[in-house]
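Structure first, commentary second.
The values are calculated or read from the model by the stated rules, or taken from the named source; none is laboratory data. Owing to the predicted nature of the structure, the values given are computational and were not obtained by experimental measurement. Positions of Cβ are generated from backbone atoms using ideal geometry, with glycine treated the same way; all protein chains shown enter the neighbour counts. The area values use the complete protein model at the heavy-atom level, side chains included, leaving out ligands, DNA and RNA. Shrake-Rupley method; radii C 1.70, N 1.55, O 1.52, S 1.80 Å.
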Amino acid sequence: MAEKKLWGGRFHEGTAASVEAYTESVSYDSALYRQDIAGSQAHARMLARQGVLTPAEADQLTAGLDAVRAEIESGVFQWKRELEDVHMNIESRLTELVGDVGKKLHTGRSRNDQVALDFRLFVADRAAAWRNLAIRTAAVFVDKAEEHREIILPGCTHLQPAQPVSLAQHLLAYAWMLKRDVDRLKDCERRARISPLGAAALAGTTYPLDPASVAAELGMNGVFDNSMDAVSDRDFALEALFCSSVIMMHLSRFCEEIILWANPAYGFVRLPDAYATGSSIMPQKKNPDVAELMRGKTGRVYGDLVTLLTIMKGLPLAYNRDLQEDKEPFLDADRTVSLSLELMAGMLAALRFDADRMARALSAGFLNATELADYLVSRGIPFREAHHITGRAVALAEERNLPLEALPPEDLHALCERIEPDVFDVLDYRAAVARRNAPGGTGPISLDRQFKNIRAWIAEETGA
């Protein structure tokens, strides 16, 4: 049996070793040590301001916590499983360093509000880190789009050729997705930075605490309104996991396109060697493993979100030990999202696009059919009738195994007497792209607006 715990005053026996192994969390919540120490130092200084501790005691505690942090960061700190979690490990070592005054640190708080504070700070800090990585990745999409704005490729719906678009338009779509991801993370971080310290176990405390001053010192946006809510909800972590899931979904969508485009049947991209692997048996293979793994890891992050949703769904107020299980899914998602954003930025920067293959693909799939329909509308034909005439033109071209623009002008005129030779100017793919300058469109004027707006946002976010 293990030694008695810091909370073990009413217990006659130690905890079974198997129970210790089952219930410990220090193997993963030690990742929160910076937040735990910062929260404890702010708590100690507040206790001194409120007259609960003397200034000298608060100074001893904060200096001792500095020493503990230095030990952790130098690698000499001994994490002990029998002390259960990051909080008890740090408090125990603090008491070894500063003596009995270390036992006063926990005055006016519970591990319930302590862990809620630590986790809120950690989630907010990681959301800020994801935000910076997402901005950097968006900037790579913008740079790549600027570099390739003259390239035209088939735009698809239903994964079928639809209309010609600029490659810049295609890549900028992902930059705008990432911008929204950043906006969501900002909102998430704002709500996470609410301090629960002072809620104690669930009912508040009789000590004359000043939670607002602790929140201000820790750079938080406010304090709890209800002590039971403060210690028992993890919606801030759920929100962050939702944000991480959406980020991964956006990355996974582009990964899917890389995987398709790298197939020689498309040949739109050339995989960089640094972000591909080979086959152990087929010498010719160059596999998009990074993109495939990122696509697969998206499901893993979804699972992290569902894990925490499932943990929370049946918990009565207030704190329950089930909440110990909130950190591993978040830590897993954090590792996955952070690495995925970093790798996507690197992979995209190194990706090479094949403009010739994209251009050749334009002639398959009748991507200029909408142009013919619009041409007919401009000649006074109602759109539904124009749509029908264009369909007949496509059927004729398909029957002859020709692209639409290769049909003889007399055959097009036979379909509709209002079709004149100038139709071939309209059927040109670059002309089709150039005409689409309505807000958000793929035309050059619209692209100029998009580049201006997205670069202004990146500059604002980065202070550049």
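Express the relative contact order of region 1-160 as a whole percentage, based on alpha carbon pairs under 8 Å and six or more residues apart in sequence.
24 percent
Taking all protein chains together and a probe of 1.4 Å, list ARG234, ARG45, ARG352 from the most accessible to the least accessible. Walk me through the intermediate numbers first.
Working: ARG234 0, ARG45 90, ARG352 130 Å².
Descending accessible area places them as ARG352, ARG45, ARG234.
Determine ³J(HN,Hα), in whole Hz, for all residues of region 131-139 in sequence, where each value follows from phi through the Karplus function 6.51 cos²θ - 1.76 cosθ + 1.60 and θ = phi - 60°; x replaces Gly and Pro.
Couplings: 4, 5, 5, 5, 5, 4, 5, 4, 5 Hz.
If you plug each phi of region 402-415 into the Karplus form 6.51 cos²θ - 1.76 cosθ + 1.60 with θ = phi - 60°, what whole-Hz ³J(HN,Hα) values come out, in order, with x for Gly and Pro?
Using θ = phi - 60°, the values come out as 10, x, 4, 6, 9, 5, x, x, 5, 6, 5, 5, 5, 6 Hz.
Considering Cα pairs under 8 angstrom that are at least six residues apart, work out the relative contact order of region 387-437 and quote it in whole percent.
Computed over region 387-437, the figure is 28 percent.
For Kirkwood radius over Cα pairs in Å, the choices are (i) 26.4; (ii) 23.7; (iii) 24.6; which was calculated from the structure?
Computed from the coordinates, Kirkwood radius over Cα pairs in Å corresponds to (i).
Angle check, please: helix 86-98 long axis (alpha carbons) against the longest principal axis of the chain (alpha carbons), in degrees 0 to 90, nearest 10.
That helix lies at roughly 40 degrees to the long axis.
I'd like the carbon and sulfur percentage of the solvent accessible area for region 92-170, probe radius 1.4 Å, heavy atoms only, ligands and nucleic acids excluded.
Here it works out to 48 percent.
Ignoring everything but the protein chains, give the 1.4 Å probe accessible area of ARG184 in square angstrom, nearest 10.
70 Å²
Amide H neighbours of GLY222 under 5 Å, counting only residues 5+ apart in sequence or on other chains, H built in-plane at 1.01 Å?
SER195
Ordered by packing density, taken as the mean number of other Cβ atoms within 10 Å over each peptide's residues, highest first, how do 278-290, 377-389, 243-255, 55-67 rank?
On the way: 278-290: 12.1, 377-389: 13.7, 243-255: 22.2, 55-67: 17.7.
The most tightly packed comes first, giving 243-255, 55-67, 377-389, 278-290.
Going by average Cβ density within 10 Å per residue, which order do the peptides 291-298, 83-90 take, highest to lowest?
For the peptides 291-298, 83-90, the packing ranking is 83-90, 291-298.
Taking all protein chains as present, what is the carbon and sulfur share of the accessible area of region 231-369, in % to the nearest whole number, probe 1.4 Å?
Details: 3470 of 6260 Å².
Of the solvent-accessible surface of region 231-369, carbon and sulfur hold 55 percent.
Taking a cut-off of 22 Å between Cα atoms, list the lysines near LYS297, but don't count ones fewer than 8 places away on the same chain.
LYS179, LYS286, LYS327
Which residues does a label at ARG360 reach in region 411-429, if reach means a backbone N under 20 Å from a point 7 Å past the Cα toward the Cβ?
Label zone hits: 429.
Place a point 7 Å from the Cα of TRP79 along the Cα-to-Cβ direction; which residues of region 19-61 have their backbone N under 13 Å from it?
Only 24-34 fall inside the zone, counting backbone N under 13 Å.
With angles folded into 0 to 90 degrees, how steeply does helix 167-192 sit against the dominant principal axis of the chain? Use alpha carbons for both and round to 10.
Between the helix axis and the principal axis of the chain, the angle is about 20 degrees.
Ignoring ligands, DNA and RNA, what accessible area per residue does region 61-134 give at 1.4 Å, in Å²?
36 Å²
How much net charge surrounds LEU341 when only other residues with a Cβ under 13 Å from its Cβ are counted (Lys, Arg +1; Asp, Glu -1)?
Neighbourhood net charge equals +2.
With every protein chain present, what accessible area does LYS80 have (1.4 Å probe, heavy atoms only), rounded to the nearest 10 Å²?
80 Å²
Quick check: residue separation of GLU147 and ASP210 times 0.36 nm, minus the Cα distance between them. What number comes out in nm?
17.2 nm
Could you report region 179-283's accessible area per residue, 1.4 Å probe, as an integer in Å²?
It amounts to 45 Å² per residue over region 179-283.
Go through region 142-157 residue by residue and turn each phi into a ³J(HN,Hα) via Karplus (6.51, -1.76, 1.60, θ = phi - 60°); whole Hz please, and just put x for glycine and proline.
Result, rounded to whole Hz: 5, 4, 5, 5, 4, 5, 10, 5, 8, 7, 10, 9, x, x, 10, 10.
Relative to a virtual label point 7 Å from the Cα of VAL19 in the Cα→beta-carbon direction, which members of region 44-79 show backbone nitrogen distances below 11 Å?
Zone members listed by number: none at all.
Describe numerically, in nm with one decimal, the distance between label points set 7 Å from Cα along Cα→Cβ at ALA67 and at ALA201.
Once both label points are built, they end up 3.2 nm from each other.
On each of the three principal axes of the Cα atoms of region 283-418, give max minus min coordinate, whole Å, ordered largest first.
Computed over region 283-418, the largest-to-smallest principal extents equal 79, 48, 23 Å.
Amide H neighbours of ILE151 under 5 Å, at least 5 residues apart or on other chains, H built in the peptide plane: list them.
Under 5 Å from the amide H of ILE151 lie the amide H atoms of LEU167, ALA168, each far enough along the sequence or on another chain.
Helix 33-49 sits at what angle to the longest principal axis of the chain, using alpha carbons and giving 0 to 90 degrees rounded to 10?
That helix lies at roughly 50 degrees to the long axis.
What percent does the relative contact order of the chain come to when contacts are Cα pairs within less than 8 Å and at least six residues apart?
Taking the mean separation of contacting Cα pairs over the length of the chain, I get 15 percent.
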